[in-house]
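As structure tokens, the structure follows; a few thoughts come after it.
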Amino acid sequence: MTARCVMVLGTSSGAGKSWLATALCRWYARQGLRVAPFKAQNMSNNARVVATLEGGLGEIGSAQYFQALAARASPDVRMNPVLLKPERDDHSQLVLLGQVHAQLTAMPWRERGALVWPVVRDALDALRAENDVVVIEGAGSPAEINLQDSDIANQRVAAHAQAACLLVTDIDRGGAFAHLYGTWALLPPEQRALLRGFVLNRFRGDPGLLQPGPAQLEGLTGVPTVATLPMVWQHGLPEEDGVFEERGGASGAVRLRVAVVAWPRISNLDEFQPLKNIPGLQLRWVRTPAELADADWVILPGSKNTAADLQWLRARGLARAIADHANAGRPVLGICGGLQVLGEALVDPDDFAGNAPGLGLLPLVTQFARSKTVRRTEVTFEPLAGAWSALSGLHVQGYEIHTGQTAQHAGMAAGRIALPRGLGWANAQGNVLGVYLHGLFEDAGVLQALFGASVPTLETVFDRLADVVDAHFATGVLPGLIAC
């Protein structure tokens, strides 16, 4: 078996590649086909734990994880063979087939591209051998002419798979026709030949107003506009890039204001997506003390560089604001890197991540090492007091991705054990909780316990996305993309 490949390219990051690829995964799966997602190289600090080729566990970008679920496939590391996790503006950790690769991480990208391409190619070929359709997501733009000689994510993949390519643009930003034409014009002829259609994404209003733009664009390029997709508000799919928005809305009267600290190296922010769908809950992303002032809850999320984000927290005055919030008895939750920040100190004997005093809200010390914990986790909360008491006795499922191990400081008053096996602690008062468990708000039991609410299941989300593309792609286009 050699699967047919459909590739979603974009005129830029944020054009809509991820959600369109997810929708196509579900659409083709609903036709009774065996489907797998693929993205050669993803740059994101949002990652999920999946199976490795050796039967262990590794990590891939969250977008490909959700695309696999949409395809009704088991996520594995071949679906995102190269994951770049930014740690600084000029440095990213390279994860190859689910595992951190120190040697490749240290190399300049233009040198390592040639080394990772065989891994990318073999992963794609293996998925093609097992499936009827592989839905491929590109990265950024395929017309980054400064990177074409070392590209492994767009043109090289499309050519190897001879993929039927769609080029999507965000029309809500303006300049959509110029973006499409400019991208097409910068592609080499053999890549243009693979383009089967343009897709206008996030359109608001009467599609008739677009005329005669699509026809004129086809006259210039020979490529038809095959879909005009509407602006889909609250689609329920976790966002891959950036925070959702500066200040989220809430359905109905606001009863609970939840502030997530948006520090520079935030990771796994997609796990907060379910909070956007809780009636009466306003989710906001904060970077200043003023934005935090009237918050009911404060959440410190994961971080790819805990010490640097802690320094940023202090420079912004947020460390003092968070301490004041906690000292007033109001709830604070730290997840992964956020847990580490809540402790007394970060200790780095190998000069790997950096030493720093913590916020001192929990009697904990974290010691860093180069080894990384990556695993799925099921655990039961111990009895808790105060704001987080609703979690007491609750059995939850999630995942861990972290460096460093945390333990109680021997010389200080003990905190409450919130989760066994060194996974979580709370203060005696019960308003400050820190856990290593990602995915807390994706657990239906947690949502019910904390908010008395449920949110649409992922299955519902995937089917809604597939319904959108089914309704707005021109008749016959989607089957035609995989026709021999």
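The values are calculated or read from the model by the stated rules, or taken from the named source; none is laboratory data. Keep in mind that this is a model prediction, so the values were computed, not measured. Positions of Cβ are generated from backbone atoms using ideal geometry, with glycine treated the same way; all protein chains shown enter the neighbour counts. These area figures cover heavy atoms from the full protein model, side chains too; ligands, DNA and RNA do not enter into them. Shrake-Rupley method; radii C 1.70, N 1.55, O 1.52, S 1.80 Å.
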On the accessible surface of the chain, probed at 1.4 Å with all protein chains in place, carbon and sulfur together account for a percent value of 51
Calculated from backbone phi, Karplus (6.51, -1.76, 1.60) coupling profile of the range 49-60 in Hz, x at Gly/Pro
8, 9, 6, 9, 5, 8, x, x, 10, x, 10, 9
Dividing the surface of the Cα convex hull of the range 81-240 by four yields a projected area in nm² of 11.4
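Determine the gain in length on full extension of the stretch Ala323-Met231; use 0.36 nm per residue of separation and subtract their C-alpha separation, reporting nm with one decimal.
29.1 nm
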Using amide H atoms built 1.01 Å from N in the peptide plane, name the residues 5+ places from Ser92, or on other chains, whose amide H lies under 5 Å from its own.
Glu87
If you count, for each residue, the other Cβ atoms within 10 Å and average over each peptide, how do 95-105, 431-441 line up from highest to lowest?
431-441, 95-105
In debye to the nearest 20, the charge dipole size for the range 350-394, taken about the Cα centre with +1 at each Lys and Arg Cβ and -1 at each Asp and Glu Cβ, equals 180
Expected output is a single nm value to one decimal: the length gained when fully extending between Val347 and Arg173, i.e. 0.36 nm times separation in residues minus the C-alpha distance. What is it?
58.2 nm
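Work out how much length Ala407 to Glu54 would gain on full extension: take 0.36 nm times their residue separation and subtract the Cα-Cα distance, in nm to one decimal.
124.0 nm
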Vicinal HN-Hα couplings computed from phi for the range 194-204 (Karplus, 6.51 cos²θ - 1.76 cosθ + 1.60; Hz; Gly/Pro x)
8, 6, 9, x, 9, 10, 8, 10, 6, 8, 10
Relative pair counts by distance (%), Cα atoms of the range 251-359, 10 Å bins:
15, 48, 29, 8, 1, 0
Exactly which chymotrypsin sites (Phe, Trp or Tyr not before Pro) in the range 314-409 are in a DSSP loop and have at most 13 other Cβ atoms within 10 Å?
Phe352
Measure off 7 Å from each Cα along the Cα-to-Cβ vector at Ala193 and Gln211, then give the distance between these two points in nanometres to one decimal.
3.4
In whole Hz, what ³J(HN,Hα) sequence does the range 426-431 give by Karplus (6.51, -1.76, 1.60; θ = phi - 60°), x for Gly and Pro?
9, 7, 4, 5, x, 9
What whole-number distance in Å separates the alpha-carbon centres of the range 63-121 and the range 185-215?
30
For a protection proxy built on the mean count of beta-carbon atoms within 10 angstrom, sort 260-270, 119-129, 16-26 highest first, please.
16-26, 260-270, 119-129
More than 28 angstrom separation, counting every C-alpha pair in the range 13-162; what % is that?
12
Measuring from its Cα centre, the chain shows a charge dipole (+1 at each Lys and Arg Cβ, -1 at each Asp and Glu Cβ) which, in debye to the nearest 20, is 220
Under Stokes-Einstein, the range 72-160 at 20 °C and 1.002 mPa s, with its Kirkwood radius over C-alpha pairs, diffuses with a coefficient in µm²/s of 153
Check each of the trypsin sites (Lys or Arg not before Pro) in the range 138-206 and keep only those in coil by DSSP with at most 13 other C-beta atoms within 10 angstrom; list them in order.
Arg204
Taking the Cα centre of the range 301-441 as origin, work out the dipole magnitude from +1 charges on Lys and Arg Cβ and -1 charges on Asp and Glu Cβ, in debye rounded to 20.
200
Considering only protein heavy atoms, what per residue accessible area in square angstrom results for the range 1-147 with a 1.4 angstrom probe?
34
Can you list the residues, at least 5 places off or on another chain, whose amide H is less than 5 Å from the amide H of Met43, using H built in the peptide plane?
Leu84
Excluding Thr406 itself, calculate the net charge of residues whose Cβ lies under 15 Å from the Cβ of Thr406, where each Lys or Arg counts +1 and each Asp or Glu counts -1.
0
Out of residues 5 or more away from Val286 or on other chains, whose amide H comes under 5 Å of its own, with H placed 1.01 Å from N in the peptide plane?
Val260, Val261, Ala262
Directionally averaged shadow of the chain, computed from the convex hull of its alpha-carbon atoms, nm²:
22.8
D_trans [Stokes-Einstein, Kirkwood Rh over alpha-carbon pairs] for the range 358-423, 20 °C, 1.002 mPa s, µm² s⁻¹:
160
Sorted by mean Cβ packing within 10 Å, highest first, what order do the peptides 32-41, 463-472 take?
32-41, 463-472
